[in-house]
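Have a look at the structure below before the remarks.
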Amino acid sequence: MSEFMNETIQTILTRRSNRSYLDKPVEKEKIDLILQCGVYSPTARGVQPWHFTVVENRRLLDKISEINKREYFANNNQNAKMSGLTEDYDNFRGAPMAIIISGMNGEKYAEVDCANATTNMAVAAHSLGLGSCYIASFRPAFSAPEGESLIKELGIPDGYTPYFALALGYVKEPPQERAARREGIINYVK
Ligand SMILES: Cc1cc2nc3c(=O)[nH]c(=O)nc-3n(C[C@H](O)[C@H](O)[C@H](O)COP(=O)(O)O)c2cc1C
């Protein structure tokens, strides 16, 4: 192990995407710290072109999942099958809550900035003993006929597009061993 190894690096290296959660709420103080880590992520030109929606209402997450399932099966049956989408599929992986990260329309790097925030929050969650899962598969619900009313129900301001969600909670079953890292993906130029 490197002599420079530290807790931050360990946390980054051991974060996983979790898809099995306990039915146990996440403490408000933890949610607030996680949000703070999102808000302090780097953004292009320092614009901070994002909005964070904390969804603790599981019924609303179920509603998004139901719409997605319908859209997937209606429009993209083959892809739905390839993604292992089943009738009981839950976009939010059974987590008790999720944070939806929306980006400002018209800002060139908004989606990248939201992605940075999502990763920072996933690492922060792990450091606090929580599991998380980075989610993009929930997006079709917002292009569905119910999309606009869903955005209103979520309180996402006008002019923002939901890009990512971070499912959060206490882990029930830890994930399987992670995939080996691809080789030959780094080069040095001196
Ligand atoms: C942009 C992005 C979108 C993702 N969307 C989903 C998703 O919709 N559902 C899901 O279960 N995992 C999703 N993931 C998690 C990846 O599947 C996961 O990060 C990858 O398999 C590596 O596993 P690890 O995070 O445990 O290292 C997403 C990850 C990223 C970065």
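The values are calculated or read from the model by the stated rules, or taken from the named source; none is laboratory data. Remember, it's a predicted structure, so these values are computed and weren't measured experimentally. Cβ coordinates were reconstructed from backbone atoms using ideal geometry, including for glycine residues, and neighbour counts include every protein chain displayed.
Overview of results
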quantity	calculated
GLU87 being surrounded by fewer than 11 Cβ atoms within 10 Å (Cβ to Cβ), more than 16 Å from the ligand (Cβ to nearest atom), modelled with pLDDT under 95 and at negative phi	yes
Members of segment 98-128 that are out of contact with any Leu (no Cβ under 7 Å at 6 or more places or on another chain), small (Gly, Ala, Ser) and not in a helix (DSSP H, G or I)	SER102, GLY103, GLY106
Residue ID - surrounded by the fewest Cβ atoms within 10 Å (Cβ to Cβ), chosen from residues in segment 111-127 that are of a type in the set (A, V, I, L, M, F, W, C) and within 14 Å of the ligand (Cβ to nearest atom)	VAL112
Filter result (of a type in the set (A, V, I, L, M, F, W, C), assigned to a loop (DSSP other than H, G, I, E, B) and in contact with a strand residue (DSSP E or B) (Cβ under 9 Å, 6 or more places away or on another chain)) within segment 154-181	ILE156
Residue in segment 144-168 that is surrounded by the fewest Cβ atoms within 10 Å (Cβ to Cβ), counting only those that are of a type in the set (Ser, Thr, Tyr) and touching a residue at least 40 places away in the same chain (Cβ under 8 Å)	THR161
Number of the exception - SER132 against (1) within 11 Å of the chain's Cα centre (by Cα); (2) at pLDDT below 95	(2)
Residue in segment 128-167 that is nearest to ARG19 (Cα to Cα), counting only those that are among the polar types (S, T, N, Q) and within 15 Å of the ligand (Cβ to nearest atom)	SER132
Selection count, segment 1-46, where residues are among the β-branched types (Val, Ile, Thr), in a helix (DSSP H, G or I) and more than 16 Å from the ligand (Cβ to nearest atom)	4
